[in-house]
There are 2 protein chains.
Amino acid sequence: MKYQNFDRTVVYRNLRKKAKTFDFSLKDNLDSKRAAKCVTPMAAGLKYSWAAKQVDNETIGLLQTAADKQEAIKKYIEVLNGKIMNTGENRKVLHHLTRGQQKRSVTEDGKNIGKFYQKELSRFSNFAAAVHKGKFKGATGKPFTTVVQIGIGGSDLGPRAMYLALENWAAANGVKKMEAKFISNVDPDDASNVTASCLLEETLFILVSKSGTTQETLANELFVKEKLKKAGLDSSKHMIAVTSETSPLAKNSAYLDSFYIDDYVGGRYSSTSAVGGCVLSLAFGPDVFKEFLAGAAEADKMALEPNILQNAALLDALIGVWERNFMGYPYTAVLPYSQALFRFPAHLQQMDMESNGKRVNRNGEPVKYETGPVIFGEPGTNGQHSFYQLLHQGTSIIPLQFIAFKESQKDDDVKVGGSTSQNKLNANLAAQITAFAKGQDSKDKNKEFPGGRPSSLIYGKKLTPAALGSLLAHFENKVMFQGFIWNLNSFDQEGVQLGKVLTKKVLQGKYGDTALEAFSKMLGV
Amino acid sequence: MKYQNFDRTVVYRNLRKKAKTFDFSLKDNLDSKRAAKCVTPMAAGLKYSWAAKQVDNETIGLLQTAADKQEAIKKYIEVLNGKIMNTGENRKVLHHLTRGQQKRSVTEDGKNIGKFYQKELSRFSNFAAAVHKGKFKGATGKPFTTVVQIGIGGSDLGPRAMYLALENWAAANGVKKMEAKFISNVDPDDASNVTASCLLEETLFILVSKSGTTQETLANELFVKEKLKKAGLDSSKHMIAVTSETSPLAKNSAYLDSFYIDDYVGGRYSSTSAVGGCVLSLAFGPDVFKEFLAGAAEADKMALEPNILQNAALLDALIGVWERNFMGYPYTAVLPYSQALFRFPAHLQQMDMESNGKRVNRNGEPVKYETGPVIFGEPGTNGQHSFYQLLHQGTSIIPLQFIAFKESQKDDDVKVGGSTSQNKLNANLAAQITAFAKGQDSKDKNKEFPGGRPSSLIYGKKLTPAALGSLLAHFENKVMFQGFIWNLNSFDQEGVQLGKVLTKKVLQGKYGDTALEAFSKMLGV
């Protein structure tokens, strides 16, 4: 396997040369023919449209060469085969195995990891089913109606975004079993607020920390335990843990049960493991969670395709590289035209920025090109009435990633002026794609739209569990492929460590730095 | 008054020269002395610390000159005096008058605008008090317990962020009168979800649209009316309107009452008008809303100070300009260490990006320098476990704007390992400021932190209504001052128009563009 910095390849120089003289007008090129041609299939019936991206045939050819030369597919197979791809922490990267559909066998110290994840999937599926059947009840004998996840970062953003994405769908399809809530921030107002909104007697808490040592999560655990105690409830009947088998939380009688993950599933890739699986299975039932996994597994399979025109995750990754390194765009906006995906951009923000926000390659050597962009976004049409002004008429160009579905989740709609709200939603999106690409001339320059703002569109029939799994895995694989092109280790996060060390110093009163002490005092610590 | 493009000034060239040879090390310079010195007072007892920004005395001197040469304070006084500062739409800009504390008299066609805002403030205060006293009740005679705002963009983001910011504070202080919810997106799942979560008999809806023609808002109004009808409730007893006096919604018997704004308060600046005032007064009582206004009014007054070291909004604006135009940073992250400010970054994203995301100056002539940056953010400590990796170790530098309070809002806390959660929250922030500024060397380059990541910190004792008003007005005035430096009209938003025009074409089936038609069909419109 060849691990080389991107700028060591011939194709990097050719892409640079190409970009210098690139004069591709979206206004002139974007028509129905291009819209029909530039579509790549995705899992669960979704499609990736890249017609409104600034790429021509030659660009696509060069990007295919980049994928080939950086051996993107071969490296993905290395991931699946359990090679040490998290070089910084000397770990395998096995979140794909959590989809439960992978036939590959990865073993470590004689343990079959895929089977381990399968077993946990089966265990928490059974647990959720038992809760729904009333086999587990709260300390006063009341059935559980609410589940509260206590976790932060990867133990929060992904599961929360997935829950919100399916909440309406589940309600409309009669499979919503429990209400889910989330406590993440160490700000005590967060835990106070969530616990105050729950009937504690009917609430099951899930404590999620892989290491079992996450400061915020442990503080919030104690916060919750004190609330339960005050309510006269035995906390061990109201709490389960999701952690690694070696953590202090494992096999601990303080919890009703514990479900396991391991070091080969990074937090930001853990939505398909027990970290997302417990809360989603409790909220919607294990079958819904398995449909979600099936969508992700199908996406993983499609990501094995070497032809970039048939591999949406790889193509999306490469177009992102083109925009970041050669067009010089330092950000990407993720804009779902679906209120259910309200927190999906926040999850992608973590997944992408924590994975590829790196200055050194997988061997710890500085790279001389830009890596991960800033990711941000809000749902449409809301964003149209907010920051789209800058997207249309600002001095910078921001690549856009739209997501949309033909049908709403609840099919509870109204017709005003001859069109449903769902029609209006998608009419707005079609209008935006066109407006961003083509712009509009005007004598009054304040009313002129320069156009040339590139966008892609992921679209499907309806946001179902399988479609959501497809969407999630698409972005996970996209980010992984970008890491391969950039020769990064996308699976560690050393950038979070220094803050932890300094926080400890503050809390121990051993600052060792006058500024650190001054800021601590200013903040009343 | 001199309106000139920024690059026409001598100080622009001097700042460029300065930046070229600027070699200011935060690592070497940031100590307790600098932390103590670089603090500027704000309204309601807040403070603005800029010690961890990359500015030296000479930079400050040049920025003062930039403020003076671009006549920032004089232009602000022009705003207050009712000059036509929204040049594109030929309108005054009078949101400062909505704070209700301004003594200045601005008249138009014989009408005193400040008095008009005062009168509306008094009207909706009385209305809210009457609702709380049970003088208005739902169609079945039940008192109103929930208020739902229907609006989008400026009629949603600001009021929603302000409500969430004060919800806990109000609960802890026994002044929470009603639960507030918000419907904004035209995605029918949004309205369906919110209405399904309400007891309609006890719910009062506020329809907010200045023009009375906002597509999304009118669709959602009908959605809500159909739900009320199905529930056998007379919608005119469950709905009030906030609109302009000339809109179709004004003085309309379809509503219980109507409250007015006018064209001189832009949507993104309307949180202190009836747009924010009705929902906040209903939720927390009119007195709380008035405390919020008082904080904003004090901030407006302090923003009149010409010395940038004593004018936090102006200084913040200028440092932002320094970072955008001369240091070359195209984004700013807003990071509140306060869960209550969860949606504050989304509001700032609109306020900033819609105001200054412009390519032409106030006369419609293209500018040759960068204007408004991309704004994004999430609360700490959550963000630490998410995108901070890129902030610390990515290839790009992203300026940071922290916000924090010594005390939590609810004072419901727990001690773990010798420190409260509130202590941990702020210890984390002090650690982050230091880590971003100073970094850390390491032989293992993957564990090295380059530092030199600039941040500012707004801090105070507690997030109260007055503190929130101070915070809101700080950013409004900051964005206004940046617009003056860049010679922009920060008060129109022509960039939203083209999308509206094309959406209409789609809904009428008269595409006029093959790509627009193709994307519409793909999306099932």
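The values are calculated or read from the model by the stated rules, or taken from the named source; none is laboratory data. Here the structure is a predicted model, which is why all the values come from computation and not from measurement. Cβ atoms come from the backbone with ideal geometry, glycine included; neighbour counts cover every protein chain shown.
Mind checking which residues of the stretch B:485-507 are surrounded by fewer than 19 Cβ atoms within 10 Å (Cβ to Cβ) and polar (S, T, N, Q)?
B:497
Take the conditions touching a residue at least 12 places away in the same chain (Cβ under 8 Å), in contact with a helix residue (DSSP H, G or I) (Cβ under 9 Å, 6 or more places away or on another chain), assigned to a helix (DSSP H, G or I) and within 16 Å of residue B:479 (Cβ to Cβ) and apply them to residue B:318. Does it pass?
yes
Looking at residue B:43, is it in contact (Cβ under 8 Å) with a residue 60 or more places away in the chain, surrounded by 15 or more Cβ atoms within 10 Å (Cβ to Cβ) and under 30 Å from residue B:360 (Cβ atoms)?
no
In the stretch A:432-471, which residue that is of a type in the set (Gly, Ala, Ser) and over 27 Å from the mean Cα position of the chain (by Cα) is nearest to the other protein chains (Cβ to nearest Cβ)?
Once the filter is applied, the top-ranked residue is A:435.
Of everything in the stretch A:10-43 that's within 30 Å of the chain's Cα centre (by Cα) and of a type in the set (Val, Ile, Thr), which residue is nearest to residue B:515 (Cα to Cα)?
Looking at residues that are within 30 Å of the chain's Cα centre (by Cα) and of a type in the set (Val, Ile, Thr), I get A:39.
Can you name the residue in the stretch B:106-143 that is surrounded by fewer than 18 Cβ atoms within 10 Å (Cβ to Cβ) and β-branched (Val, Ile, Thr) and is also modelled with the lowest pLDDT among such residues?
Looking at residues that are surrounded by fewer than 18 Cβ atoms within 10 Å (Cβ to Cβ) and β-branched (Val, Ile, Thr), I get B:107.
Looking only at the stretch A:260-285, count every residue that is part of a strand (DSSP E or B) and either at positive phi or surrounded by fewer than 24 Cβ atoms within 10 Å (Cβ to Cβ) (or both) and tell me the total. Spell out the reasoning first.
Filtering the stretch A:260-285 for residues part of a strand (DSSP E or B) gives A:260-261.
The next check asks that each one be either at positive phi or surrounded by fewer than 24 Cβ atoms within 10 Å (Cβ to Cβ) (or both); those that pass are A:260.
Counting residues in the stretch A:260-285 that are part of a strand (DSSP E or B) and either at positive phi or surrounded by fewer than 24 Cβ atoms within 10 Å (Cβ to Cβ) (or both) gives 1.
Counting just the residues of the stretch A:342-398 that are charged (D, E, K, R) and within 15 Å of the chain's Cα centre (by Cα), which one comes out farthest from the other protein chains (Cβ to nearest Cβ)?
If we take residues in the stretch A:342-398 being charged (D, E, K, R) and within 15 Å of the chain's Cα centre (by Cα), then A:343 is farthest from the other protein chains (Cβ to nearest Cβ).
Give all pairs with beta carbons closer than 9 Å in which a residue from the stretch A:120-144 that is more than 20 Å from residue A:260 (Cα to Cα) meets a residue that is of a type in the set (A, V, I, L, M) and in a helix (DSSP H, G or I); count only pairs at least 6 apart in sequence or on separate chains.
Here the result reads A:132/A:282; A:135/A:129; A:137/A:131; A:138/A:200; A:139/A:228; A:143/A:131; A:144/A:131; A:144/A:282, each pair linking the stretch A:120-144 to a residue that is of a type in the set (A, V, I, L, M) and in a helix (DSSP H, G or I).
Could we say that residue B:253 is without any contact (Cβ under 8 Å) to a residue 24 or more places away in the chain, among the hydroxyl-bearing types (Ser, Thr, Tyr) and either in contact with a helix residue (DSSP H, G or I) (Cβ under 9 Å, 6 or more places away or on another chain) or not assigned by TED's automatic domain parsing to the domain that holds residue B:385 (or both) here?
When the stated conditions are applied, residue B:253 passes them.
Output the residue which, of all residues in the stretch A:329-341 that are assigned to a helix (DSSP H, G or I) and hydrophobic (A, V, I, L, M, F, W, C), is nearest to the other protein chains (Cβ to nearest Cβ). Don't jump to the end; show me each part of the working.
We begin by selecting, within the stretch A:329-341, every residue assigned to a helix (DSSP H, G or I); these are A:339-341.
Those still in the list that are hydrophobic (A, V, I, L, M, F, W, C) too: A:340-341.
Working: A:340: 6, A:341: 10 Å.
Top of the filtered list is A:340.
Since residue B:517 meets every condition but one in (1) surrounded by fewer than 23 Cβ atoms within 10 Å (Cβ to Cβ); (2) over 24 Å from residue A:460 (Cβ atoms), which condition does it not meet?
(2)
Looking at the stretch A:144-160, which of its residues are hydrophobic (A, V, I, L, M, F, W, C) and surrounded by fewer than 24 Cβ atoms within 10 Å (Cβ to Cβ)?
From the stretch A:144-160, those hydrophobic (A, V, I, L, M, F, W, C) are A:144, A:147-148, A:150, A:152, A:157; that's our starting set.
Matches in the stretch A:144-160: A:144 only.
Could you check, for the stretch B:401-415, whether at least one of its residues is of a type in the set (S, T, N, Q), within 7 Å of another protein chain (Cβ to nearest Cβ) and not in a loop (DSSP other than H, G, I, E, B)?
The answer is no, given that none of the residues of the stretch B:401-415 is of a type in the set (S, T, N, Q), within 7 Å of another protein chain (Cβ to nearest Cβ) and not in a loop (DSSP other than H, G, I, E, B).
Anything in the stretch B:492-525 that is in contact with a Phe, Trp or Tyr (Cβ under 8 Å, 6 or more places away or on another chain) and either in the same structural domain as residue B:350 (by TED's automatic domain parsing) or not acidic (Asp, Glu) (or both)? List them, or say none.
Listed by number, the residues that qualify are B:495, B:496, B:498, B:499, B:505, B:520, B:522, B:523.
Being outside the structural domain of residue B:164 (by TED's automatic domain parsing), touching a Ser or Thr at 6+ places or on another chain (Cβ under 9 Å) and at pLDDT 95 or above is true for just one of B:347, B:392. Which residue is that?
B:347
Would you confirm, using the coordinates I've provided, whether residue B:430 is crowded, with 24+ Cβ neighbours inside 10 Å and over 30 Å from residue B:271 (Cα atoms)?
For residue B:430, the condition - crowded, with 24+ Cβ neighbours inside 10 Å and over 30 Å from residue B:271 (Cα atoms) - is met.
Determine which member of the set A:431, A:466, A:435 is touching a residue at least 60 places away in the same chain (Cβ under 8 Å) and in contact with a Gly (Cβ under 9 Å, 6 or more places away or on another chain).
A:466
Look at residue B:421 and say whether it is of a type in the set (Ser, Thr, Tyr), under 25 Å from the mean Cα position of the chain (by Cα) and surrounded by 24 or more Cβ atoms within 10 Å (Cβ to Cβ).
Answer is no for this residue.
So residue B:514 ticks every box in (1) free of Cβ contacts under 8 Å to residues at least 12 places away in the same chain; (2) in contact with a Gly (Cβ under 9 Å, 6 or more places away or on another chain); (3) among the β-branched types (Val, Ile, Thr) but one. Which box is left unticked?
Unmet condition: (2).
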